[in-house]
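See structure below.
Bear in mind that the values in this text are calculations on the coordinates, not laboratory data. As the structure is a computational prediction, the values presented were derived from the model and not from experiment. Neighbour counts run over all protein chains shown; Cβ positions are idealised from the backbone, glycine included.
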Amino acid sequence: MGKLIYLDNAATTQTSPAVVEAMLPYFTEYYGNASTIYDFAAKSKEALAHAREQIASCIGAKPEEIYFTGGGSESDNWALKATFEAYKQKGNHIITSKIEHHAILHTCEYLEKERGARVTYLDVDENGFVSLDELKKAITPETILITIMFANNEIGTIEPIREIGQIAREHGILFHTDAVQAFCQVPINVDEMNIDMLSSSGHKINGPKGIGFLYIRKGVKIRSFIHGGAQERKRRAGTENVPGIVGYGTAAEYASKTMADRAKAEIAIRDHMISRILNEIPYSRLNGDKEKRLPNNINVSLEFIEGESMLLMLDSFGICASSGSACTSGSLDPSHVLMAIGLPHEVAHGSLRMTLSEQTTMEDADFVVDRLKEIVSQLRAMSPLYEDFIRKNQ
Amino acid sequence: MYSQKVMDHFQNPRNVGEIENASGVGTVGNAKCGDIMRMFLDIDEETGIIKDCKFKTFGCGAAVATSSMATELVKGKTIQEALAVTNKAVMEALDGLPPVKVHCSLLAEEAIHAALWDYAQKHGITIEGLSKPKNDISEGEEEEDY
């Protein structure tokens, strides 16, 4: 196999060598527990404070509003469960969307089943946008939380976060956003966008795995989710993952600084690949919005073929991508996101997501599209669905 | 995740295609679940031997590999022998399948049965031990969906 072409950066990213280098001293040299008083641990404390500042400045927050966690899923769980717990006197109603990550959806289902929450799952339109009118209509006096993702992990659609924040603010409802895919990929300002809580994860931006944060606006009265020691201003127990936090801070600073240039380069490659696929492969469609999508996200459906076989064939050329087919979701149903935007099952089964990185080149892009064209015709040649379709149209 | 045999049959599937005026054609599975197999049989009416067998499949790697292996296992066999090719036999011949993919081998077994049923219907005969396949999408209203 030749060169690896990694186009699954929405799943995870390479931990960048500079990030690893920044982390290394905190394993072997400055390994002190940041909660201790001796001078040796001062380096650990300083590193934590610095990383907190680096992260906070990426979203226009104050450092003391950043709480490090074990990752995006923990942040989502914390935000939802602790908000429900803290605000249940006010009401039990949560509003979310049908295309959230499972860390949100399954937490909502848990709150419904076990804790008596009432959850509204907003529909999205054919491009994956939440309707602001539907959101307004869903609000009741019992609504305590709106949680809508910043950008969708599968189809890349960027939600109208500023407008949603505005609506939440006007109604005095807390607003949480899962920004795991958006953090350092698109500009975020928690004050301008009226975001009260925001989840993010380190490994999506070339940082290490196993580290994330929850931004909690000052004044939002949610309590601890992991109980124990007094770390993270008594809100998240557990000895701080200093190397992870240092790596996260380093990655975030770099990703934020390079965001504009990176987005420009990625958008050029993204749009080139999308237009080549749509023009050169018949019966293909773009999933998600053309404009308001993550700079690095491509999601297409190639009709009459199934996603997993496409992935296996791409893999044989060293190309890593993902699909929303049932076979890759581990159930009989294809991705809930593709279902929510109204794709028929067989079209959803033929979806292909490719997510770019800073390292993706135009040559890679052309190589991948060339291979994809061959793969699609090979798989269609053996597809009974394609045979029936051709016969019907003769 | 897949054995080498599965990958081999996925990457170099045997007997892909159609048989013109096939003696029997069976289609099983549905697009909703993401697997459809169509099996074509060319059966010698005198001897009852399956002279040729081809397939077309929409589905995952395991679906393609089990279809390919199933065609290999029934080719040159008598109808009764083909009927005895179980999903277990297909799986064993492929050195196993991941648990979530076992249904693909069941589909392959059903595809053989559906094609044999079609043959029996066309020729007005009954094949001992063969009952009407429940999963044939080529009949009934569902056909309109495709």
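Points to keep in mind about this one:
- Cβ-Cβ FRET estimate between A:GLU163 and A:TYR283, R0 fixed at 25 Å, reported to 0.05: 0.10
- Cβ-Cβ FRET estimate between A:GLN359 and A:LYS264, R0 fixed at 22 Å, reported to 0.05: 0.90
- Size descriptor for the range A:1-92, Kirkwood hydrodynamic radius: 16.8 Å (Cα pairs only, one decimal).
- Cβ-based exposure ranking for A:SER75, A:SER284, A:SER322, A:SER275, in which fewest neighbours within 10 Å come first: A:SER275, A:SER284, A:SER322, A:SER75
- The simple Förster model, with R0 at 30 Å and r as the Cβ-Cβ distance, assigns A:TYR31 and B:GLN4 a FRET efficiency of 0.10.
- With all projection directions averaged, the alpha carbon convex hull of the protein assembly as shown covers 28.1 nm².
- Fewest-first ordering of B:ASP35, A:ASP289, A:ASP133 by other beta carbons within 10 Å of each residue's beta carbon gives A:ASP133, A:ASP289, B:ASP35.
- Debye intensity ratio I(q)/I(0), log10, the range B:4-129, q values 0.20 Å⁻¹ (C-alpha model): -1.04
- For a straight C-alpha distance cut-off of 15 angstrom, the aspartates and glutamates reachable from A:LYS373 (same-chain residues fewer than eight places away being disregarded) are A:GLU280, A:GLU303, A:GLU306, A:ASP315, A:ASP364.
- For the options B:THR126, B:THR78, B:THR27, a Gaussian network treatment of chain B with springs between C-alpha atoms closer than 10 Å singles out B:THR126 as fluctuating the most.
- Separation between Cα centres of the range B:92-128 and the range A:361-394, rounded to whole Å: 27
- Selection from A:SER275, A:VAL376, A:ALA41 lying farthest towards where the dipole of the protein assembly as shown points positive, charges on Cβ: A:ALA41
- Reduced Cα scattering model of the range A:64-126, Debye log10 I(q)/I(0), q = 0.12, 0.17 Å⁻¹: -0.32, -0.61
- Of all DSSP beta bridges in the protein assembly as shown, antiparallel share, percent nearest 5: 70
- Within the range B:4-36: backbone nitrogen closer than 14 Å to the A:ASP315 label point (7 Å, Cα to C-beta): B:4-11
- The range A:250-294: radius of gyration over Cα atoms, expressed as a fraction of 2.2 N^0.38 Å: 1.47
- Span-like helix check, chain B: qualifying full DSSP H segments, with Cα axial length of 24 Å or more and mean Kyte-Doolittle of -1.0 or more, are B:102-123.
- Three principal axis lengths of the range A:259-392 [C-alpha, angstrom, descending]: 46, 30, 27
- Pairs exceeding 20 Å between alpha-carbon atoms, taken from A:LYS264/A:LYS292; A:LYS90/A:LYS221; A:LYS204/A:LYS234; A:LYS136/A:LYS218; A:LYS45/A:LYS218; B:LYS32/B:LYS134: A:LYS204/A:LYS234; A:LYS136/A:LYS218; A:LYS45/A:LYS218.
- Chain B: most fluctuating residue of B:HIS123, B:HIS103, B:HIS113 per GNM, C-alpha cutoff 10 Å: B:HIS123
- Residue of A:VAL119, A:VAL220, A:VAL20 that the Gaussian network model of chain A assigns the largest fluctuation, springs spanning Cα pairs under 10 Å: A:VAL220
- Relative contact order (%) - chain A, alpha-carbon pairs under 8 angstrom, separation at least six: 21
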